[in-house]
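The structure appears below as structure tokens.
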Amino acid sequence: MSEPSSIPWPAFGGQIGTLIRDADWRSSPLGEPAQWPPALRHALDLLLPSHAQMVLFWGPRFLAFYNDAYAPTIGHKHPRALGRPAQQSWTELWDDLGPLLEGVRTTGQTYAARDRPFQIERHGYLEQVFFDISFSAVREAQGDIGGVLCVVSETTDRLEHERALRRAEEAERGASERIELALNAGAVLGNWVWDITRDHFTSDETFARTFALDAEALARGLPLGEVRQTIHPDDKPAVDALIAEALARGGPYRAQYRVPSPNGSGDGWHWIEANGHVEKNAQGQAVRFPGVLVDIDQRRRAEQARQEEIATRLQLELDLAKTSHHFQLAQAVGGIGVFSLQVASNRIKASAEFYRVFGLTPQDTIQAAKVEALIHPDDRARMSSERTRATGQATLNTEYRVVKADTGEVRWVARRADFIRGADGRPEQMLGVVQDITDRKVAEQALRDSAERFKIMAQAMPNQVWTSHANGQLDWFNELVLSYSGKTAEELHGEGWGDIVHPHELVRVTVEWQHALSTGDPYETEFRIRRHDGQYRWHLVRALPLRDGQVITQWVGTNTDIDDQKSAQMELARLNASLETRVEQRTRDRDRLWRLSTDIMLLARFDGTIEAVNPAWNTLLGWPQEDLLGTSFMDLVHEDDQDATAAEAMRLSDGLTTRSFENRYRHRDGSWRVISWTAVPDDTYIHAVGRDVTAAKAAARALAETEDRLRQSQKMEAVGQLTGGIAHDFNNLLQGITGSLEAVRKRIAQGRVGEIDRFVNGALTSAHRAAALTHRLLAFSRRQPLDPRPVKANPLVASMEDLLRRTLGQHIGLELVLAGGLWPTLCDPNQLESAILNLAINARDAMPDGGQLVIETGNAHLDNAYAARSPAVSPGQYVCIAVTDSGTGMTPDVVERAFDPFFTTKPMGQGTGLGLSMIYGFARQSEGYCRIYSEVGRGTTVKLYLPRYAGDDAEDPPVPGSPPVPEADVGEVVLVVEDEAVVRGLIVEVLAELGYQAIEAADGPSGLEILSRPQQRIDLLVTDIGLPGLNGRQLADAARVTRPDLKVLFMTGYAENAAIANGFLEAGMAMITKPFAMDALALRMRDMIEGKAPSPPSPSVTSRAKPGSP
């Protein structure tokens, strides 16, 4: 067993070793050093001689032991801190240091950090210092943790040096941050883009207002020289120099200057700050210069006012040094009034500034009651009174509002006072000062309003927004932060936000945040934040300090989700790893596409010069590459397409993209091919791809013709369905005509003429109804394109009632339910009639044993919800026509296919399957919609939705009048050519009665022979169109060869509108539809002979038939 050593412990030299040996440790929790735990003594043996800065905190109270190298880092705390509990010596930072030490002592895990900030008081004031630290556990023999060994290295000086280096970088970042803050505050005055290569300066309307320039001109683009004309003359040289510097080096640009004030306020000029960025191309040339304007007028003028105030105060201080009235002038400059109030007499003696604050005339003394009377009624409790002063209970320091005696203005006043008391302790005198603080109060209210506006704006922002105190404790979050994290604001307050930071990044994030707090540098970093569902997403986190002068008062921060961007960056990194291989592969693919494409590819200059073509030009157009290079593609374009092609090339030169432009190109064999082009420009060339759509165009035309034939076939099918019922009705009408005429003949033969009018009227009525039926069939069966026009559906449906009843037969009842106030619609009325008739025929076939058909109209509003369930429907207002039968109905699978072309459930030969498909096509072409509702055994409803017409209401057909029948002038000659002898004879008879000289011909050649006689006067040719052999139009054309001014009136039994729509009539021609009233013929002839504008198409007897007549 070894003898105890006689060497004093600790044996090592140095100041700390001496202090430990010489100190009295009997009052220490550890007792004498000889009794200290071996682990502690061994640790000190290692620590004390070390040149590294080391401190050991031992036991649950963390008694501090350190070496000579560490002592200077704690300043005047040494040597008092040696051997004492750490919380007593490091009180100012214990909230920060204590948890770190406790964490290591309880978990045994090492904690390390670089540039860790601490707030420490070591030289009589609180300062922020930085250390690289490593805290590790010191274990005793049994394995228990006895203390925490801290190896530290102060890095404050190094960080100060690095901070200076970063200030240069901060200037550029500051510009972008100012822009972001300006955007948040609504201070942006517009943006611009300057195309440097073309000197083409464009901007938005706000910029134009700021520079007092024409907004439309700036939208089109102006030279920069015109824009800069409005800059203040004193500022132009500096602005020009900054622009030149930015153009030379590229990158950020920032300039502050004045432009004319928009409202002429102030000195007529307004301060703005321009922030931009010069972009260069690969050759280092400046090509583009975008930027924004920020309103800094208030800040600049506030700075100017502050400078002027400082200058004023400096001058006052100089003046004070030269006068004996230092105190009085100081009061005036500071706005401070001094007063002395005698409690016993309640009289005040005060300075001139005191009286100015209250709006009173200066005097030697004044009763306190006169001053108290000026207090705002709501603030009387804040003011001292005679009673409270006498008892010494008056509030000494207070703020209240007064109503100034001279102006009546309400101002805020701050009062600071104290009592001078007598020997008995009672107040004898109140001494104090008052100061007008209205400006401060207004500023405080503005600050509160600004804070409220900030919170409202922050809630509306798409980013997560938060704020913190100057010490870094977070105190407010917008709703996006709370909804994303699933935390309450209370859970995130202070340092609670650390709970949602990814554990792997928490230490780094904390150190970076502490660094920003200590330096005041903008905070910007990226880390993962946990979402409410447990998923971590990457965010870009930024924060800026808000300052009051040089003092940071608050931090404002945002979190921007960049998780998708980070994923894209990782993917980009992966792709870049194989970039060379992919570029090579892509080049081979592009070359292969160029060679093998069946579409023609073109590289050309903007003037049309061809630079390159692919082999498809030879395959498609027969032109080899050598014949095209250096030539203009305009040489191959059809002459009718030259102007449009040149215009499209001009659009490309302006940087616009071409999509689906078509023109005709000449094949080498002389034929023409239709090419559909897609093209994009770059700085020099047009890159274009063309596809031969000649065959597709021909196929489209063929398809359109086929659809037209199918539509006509469907109409004729419907006509066939009508044949049986109409033949029966037509025979009844003919019976009425022939029977009435036979009765007239018998009455005349018997000499009984008194009853002739009754039979004549009966014959005319039957004839009118037959004409109405004929015209309805002609209009329905004619072939023509859709001719949409404003239509009133109710009159149209009502006019079809006779036709529908005959179609349905006597075993099916018809009911029309026509809504009042029905909107007009825009569609082809003839197609609408066709659709209704086809639906009625389908309904009739579905009710073989009879039933009821209801046609109902109404207004309908299809909302977004309905449109969402029916993709083919656009929400809006529609006119609905519903056709409902009580027939057999349809199964759901039949309803599903009912609109398919050629689908039919009728037996072979009884239907084409085109009816409903054509109705559906008509509805879609009219921007409407069609839908079927059906139940087996209960019937079917087909609803036709047609869009509401928002223009002027459709007009009802004019009601024909009964104008007087004009007679002929002397000698007027009319040639009548008509192959039907009875009709020709009637016309000639009427003409003779009216005084015309009528010449008649039975066919075209006979009429032409008369017209070819040079000496024969002909004022008007009246001819039937459907003549055998030489028809009426051919006769008119032949006659106009020798009589170019011949006026021609055609008679036709076909639908007049169909002929007119096809461009049948020329100048000096008109048409009248059979059967016509003789008076109407006479009026039309008179108008044409006198050279009047053609009258509206003659109302046939159809328009005079009464709906519902038998």
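For Phe62, the shell of other residues with beta-carbons less than 9 Å away shows a net charge of +1, using +1 for Lys and Arg and -1 for Asp and Glu.
So for segment 784-956, taking the charge dipole from beta-carbon charges (+1 Lys/Arg, -1 Asp/Glu), which of Leu944, Ser834, Ala867 sits furthest toward the positive end? Comparing the listed Cα positions along the dipole, Ala867 ranks first. Arranged from fewest to most other beta-carbon atoms within 10 Å of their beta carbon, Asp845, Asp297 become Asp845, Asp297. The Kirkwood hydrodynamic radius of segment 409-483, based on inverse pair distances between different Cα atoms, is 16.7 Å.
Charge dipole (Cα centre; +1 on Lys/Arg Cβ, -1 on Asp/Glu Cβ; no other charges) of segment 511-631 amounts to roughly 380 debye.
With a cut-off of 12 Å between beta carbons, the residues surrounding Thr438 carry a summed charge of 0, where Lys and Arg count +1 and Asp and Glu -1.
Net charge of the neighbourhood of Asp599, taken over other residues with C-beta under 9 Å away and scored Lys/Arg +1, Asp/Glu -1, is 0.
Please give the length that would be gained between Glu409 and Val873 if that part of the chain were fully extended, namely 0.36 nm times their separation in residues minus their C-alpha to C-alpha distance (nm, one decimal).
On the way: separation 464, 0.36 × 464 = 167.04 nm, distance 6.60 nm.
Separation in residues times 0.36 nm, less the Cα-Cα distance, equals 160.4 nm.
Couplings 3J(HN,Hα) of segment 411-427, computed from phi: 10, 8, 10, 9, 10, 10, 8, 8, 9, 9, 9, x, 5, 8, x, 7, x Hz, in residue order, whole Hz [Karplus 6.51 cos²θ - 1.76 cosθ + 1.60, θ = phi - 60°; x for Gly and Pro].
Taking other Cβ atoms within 10 Å as a rough exposure proxy, His42, His768 sort from fewest to most as His42, His768. Couplings 3J(HN,Hα) of segment 874-891, computed from phi: 9, x, x, 9, 9, 9, 10, 10, 10, 10, 10, 10, 10, x, 6, x, 10, 6 Hz, in residue order, whole Hz [Karplus 6.51 cos²θ - 1.76 cosθ + 1.60, θ = phi - 60°; x for Gly and Pro].
Could you put Trp623, Trp9 in order, starting from the residue whose Cβ has the fewest other Cβ atoms within 10 Å?
Trp9, Trp623
The residue among Thr645, Ala604, Gln569 whose Cα reaches farthest toward the positive pole of the charge dipole of segment 493-649, with charges on the beta-carbon of Lys, Arg, Asp and Glu, is Gln569. Using only the Cα atoms of segment 15-154, build the gyration tensor, take square roots of its eigenvalues as a ≥ b ≥ c, and label the shape rounded, prolate or oblate: rounded if a/c is under 1.5, else prolate if a/b is larger than b/c, else oblate. Because a/c hits 1.5 or more and a/b fails to exceed b/c, segment 15-154 counts as oblate. The Lys441 and Asn471 beta-carbon pair, evaluated with R₀ = 35 Å, returns a calculated FRET efficiency of approximately 0.80.
The phi-based Karplus calculation (6.51 cos²θ - 1.76 cosθ + 1.60; θ = phi - 60°) puts the 3J(HN,Hα) values of segment 643-659 at 5, 5, 5, 4, 5, 5, 5, 5, 4, 5, 5, 7, x, 8, 9, 9, 10 Hz, whole numbers, x for Gly and Pro. In terms of overall dimensions, the C-alpha atoms belonging to segment 461-566 reach 42, 24, 23 Å along their principal axes, ordered largest to smallest.
When you count, for each residue, the other Cβ atoms within 10 Å and take the mean per peptide, how do 347-359, 208-220 rank with the highest first?
Details: 347-359: 19.6, 208-220: 15.3.
Highest to lowest by the protection proxy: 347-359, 208-220.
Of Lys697/Lys792; Lys1047/Lys1074; Lys236/Lys280; Lys943/Lys1074; Lys370/Lys441, which pairs sit farther than 31 Å apart, going by alpha carbon to alpha carbon?
Lys697/Lys792; Lys943/Lys1074
Counting only residues at least eight positions apart within a chain, or on another chain, the aspartates and glutamates with an alpha carbon under 12 Å from that of Lys487 are Glu479, Asp499, Asp533.
Bear in mind that the values in this text are calculations on the coordinates, not laboratory data. Keep in mind that this is a model prediction, so the values were computed, not measured. Don't worry about glycine lacking a Cβ; one is built from the backbone with ideal geometry, like all the others, and counts go over all protein chains shown.
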